[in-house]
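What follows is a set of notes on a single structure, which appears directly below.
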Amino acid sequence: MTHWIIVPVVLPAVLGALIVLAMRNDLLLQRVFGLAGTVVLTGVALALFRAALLYPPEVYLLGNWPAPFGIVLMLDRLAALLVLLTMVLALFVQLYAIGTGWDAQGRHFHALFQFQLMGLSGAFLTGDLFNLFVFFEVLLIASYGLMIHGGGRDRLRAGVQYVAFNLVGSTLFLFALATIYSVTGTLNMADLAVKVALLPPGDMALLRVGAMLLLLVFALKGALVPLQFWLPGTYAVAPGPVAALFAVMTKVGAYAVIRVYTLIFPPTAPAIGPMIGDVLLPAALVTLVIGAIGVMGAGTLARLVAFAAIASMGTLFTAIALFTPQATAAALYYLLHSTFATAILFLLADLVLARRGTGTLRQALPPVAQGGLLAALFFAGAIALAGLPPLSGFVGKLLILQAARDQAATVWPVILATSLLMILGFAAAGSTLFWKAHATLRDPGPEPPATAALPLVAVFGLTGCLVALTVFAGPVLRVLDATAADLYAPAPYIAANALPAQD
Amino acid sequence: MEYLIASGVGLMTAAGVYLILRRHTFPVILGLALLSYAVNLFIFASGRVVIGLPPILTKGAAGYTDPLTQALVLTAIVISFGMSAVIVMMALGAFLETGHDRIDTNDGKNDGEGAGD
């Protein structure tokens, strides 16, 4: 299994370069190779996931340098799970982009898409903090290109803001890394975990600063209040399939928080204590409230979904902030669910925009082609994201509420009240978009042109993932429980690095 | 020496933060560049400031200077250079499309719809 770990990083890198160099003028070739690449990557991700379930964490030494000196990739259950999630989402998003012709609206869509996948899987797989920064930059620079794909005034201006924001984030990341390095003298995550636990009290203040700066960076990526305001403007103007793919980008922030604050700076470390959870929980709850209010007040469907994405990040960070195995398992389940649900709604917003020319929620407009079908899909997505039964959002929120029993006084009312607000917001939006549309119809206009089937296949595929997540909630949860248990008992992860004995 | 480096990092960060809070794109880009210079110096200093020592241990050397931070700085410089190029191109594109380089996107409408189609 050894060399398979690097395939999710190397394959898209080679493929992306090949697409730029050899087939930049042939869209069909780009589509074939891009899609084939993503299919192969999904297969590899499945194989890696199976290996991670069966075997203990595995290390991959880049350049064969031993662990604390060289850069390592680490395959454990969490990393494999997120790589698999990324690839499955990417497969459907790519089908959608091909089906709607989004990839033909600008150049290099498929190359950027592959580079984005490279950055994402690299960020999930790496076992080195500085390498995490590098992969963050890889996925960001690809996302800059994808974000302004198709061009246009609004998109470019939002793109400049998005880039500026993330550059500030990268600068903070570097400050945090340098601070941590200056105290511990290492950047390998497993080595850091060992060194942080043994740190003399004199160095603890600097380390705390570093840990807090890192949290700020991950909060920026994960759109946590007060660093959430870049998200609605960016995601609402990004091309539909790109916004759907970005559903997993905010999850990179969540992943990094889970990884860093269970492995390197766990609440049990004397230098850190409960500090991270104490900061994260209120911020997550405020994020949830702001997201829900945004859902109520959004003027277009895409903005509504963007605010719903913020709310789902709030829910996710609430579960993460509890830092117990049970809550982390619930958070992972909600992470899987909210990625798919957000992606479905972003794709639907794009379908409505393409059929109607506007996604406005301020007035009812005539019905769109295949309105009934889109309405049904919107209904399913909204139910899932708001957390109503029977879809996985309900299961996820239930798990989080159950895990937060100790903080029931603060967490429960916020989650339940924001769920209600989101249901109201989605209901109002759905009735304006699909229901009142019929009342505006005085004379049936010309029959709209037939629409391609592939985009709907993609949306149905993602909905199928949600249904599968609901139906197989039991087996999925068993896997996630084991994943979360691994995170809170990191000895095998550290042992896999084969660090030299501490002097 | 330490004072010089520390105040250099501090000054550049302060100037960078001031600049990225401006309303136009050009100062913001300059501010980002200054921030990246500050962080490069900061990373360099995180390997401890020493003078005239080799980066690789040799026989008879009195000590060594940390080579890793120098490699990290190199990576950070390359990345921030690439990122600066990207944001300059995008800001230029946005300027040519809109006719101004104000950073706030709010000129009459804020619904962010119909982008580019």
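Descriptive notes on the structure:
- Residue within the range A:183-193 that is buried (at least 24 other Cβ atoms within 10 Å of the Cβ) and among the charged types (D, E, K, R) present: yes
- In this entry, A:M147 passes the filter for residues that are crowded, with 24+ Cβ neighbours inside 10 Å and on the phi < 0 side of the Ramachandran plot.
- A:L172 being more than 14 Å from chain B (Cβ to nearest Cβ), modelled with pLDDT of 90 or more and over 23 Å from A:L117 (Cα atoms): no
- Residue check, A:P413 assigned by TED's automatic domain parsing to the domain that holds A:G299 and either farther than 29 Å from A:V83 by Cβ or among the acidic types (D, E) (or both): yes
- The residues of the range A:359-399 that are touching a helix residue (DSSP H, G or I) at 6+ places or on another chain (Cβ under 7 Å), over 26 Å from A:L288 (Cα atoms) and not in a helix (DSSP H, G or I), listed by number, are A:A364, A:L365, A:P366, A:P367, A:V368, A:A369.
Yes/no matrix, rows are residues, columns are (1) outside the structural domain of A:T339 (by TED's automatic domain parsing); (2) touching a Ser or Thr at 6+ places or on another chain (Cβ under 9 Å):
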position	(1), (2)
A:P267	yes, no
A:V286	no, no
A:I293	no, yes
A:T300	no, yes
A:G314	no, yes
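- Checking each residue in the range A:18-68 for being crowded, with 18+ Cβ neighbours inside 10 Å and not in a helix (DSSP H, G or I) picks out A:M23, A:P57, A:E58, A:V59, A:Y60, A:A67, A:P68.
- Residue, farthest from the other protein chains (Cβ to nearest Cβ), within the range B:2-21, restricted to residues that are closer than 15 Å to A:Q161 by Cα and touching a helix residue (DSSP H, G or I) at 6+ places or on another chain (Cβ under 6 Å): B:L19
- Members of the range B:26-62 that are away from every other protein chain (no Cβ under 14 Å) and hydroxyl-bearing (S, T, Y): B:T58
- The helices (runs of 4 or more DSSP H) falling completely within the range A:240-358 include none with 2 or more residues that are farther than 23 Å from A:F426 by Cβ and within 14 Å of another protein chain (Cβ to nearest Cβ).
One line per residue, one yes/no per condition, for (1) crowded, with 16+ Cβ neighbours inside 10 Å; (2) not in a helix (DSSP H, G or I):
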site	(1), (2)
A:W4	no, no
A:G70	no, yes
A:M74	yes, yes
A:L84	yes, no
A:G106	yes, yes
A:H110	yes, no
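- Residue check, A:Y144 more than 21 Å from A:P232 (Cα to Cα), in the same structural domain as A:L174 (by TED's automatic domain parsing) and in a helix (DSSP H, G or I): no
- Residues being surrounded by 21 or more Cβ atoms within 10 Å (Cβ to Cβ), in a loop (DSSP other than H, G, I, E, B) and in contact with a Gly (Cβ under 6 Å, 6 or more places away or on another chain) are entirely absent from the range A:404-425.
- Candidate set from the range B:72-89 (those that are among the small types (G, A, S) and closer than 16 Å to A:L177 by Cβ); member that is farthest from the other protein chains (Cβ to nearest Cβ): B:S80
- Of the residues making up the range A:165-186, just one is closer than 19 Å to A:V252 by Cβ, of a type outside the set (V, I, T) and without any contact (Cβ under 8 Å) to a residue 24 or more places away in the chain, namely A:L167.
- Test: A:R31 is of a type outside the set (A, V, I, L, M) and within 27 Å of A:A489 (Cβ to Cβ): no
- Scan of the range B:90-117 for residues that are part of a loop (DSSP other than H, G, I, E, B), modelled with pLDDT of 60 or more and facing chain A (nearest Cβ under 8 Å), ordered by number: B:I103
- Residues of the range A:107-138 that are aromatic (F, W, Y) and under 25 Å from B:L68 (Cα atoms): A:F124, A:F130, A:F133, A:F135, A:F136.
- Restricting attention to the range A:460-491, the residues that are closer than 22 Å to A:A384 by Cβ and either modelled with pLDDT under 90 or among the small types (G, A, S) (or both) add up to 5.
- Of residues in the range A:107-148 being over 19 Å from A:L220 (Cβ atoms) and within 9 Å of chain B (Cβ to nearest Cβ), the one modelled with the highest pLDDT: A:G145
- With respect to (1) assigned by TED's automatic domain parsing to the domain that holds A:A364; (2) among the small types (G, A, S); (3) within 16 Å of the chain's Cα centre (by Cα), the lone exception for A:A238 is condition (1).
The values are calculated or read from the model by the stated rules, or taken from the named source; none is laboratory data. Please read these numbers as outputs of a predicted model, since none were measured by experiment. Reconstructed Cβ throughout: ideal geometry from the backbone, glycine too, with neighbour counts over all protein chains shown.
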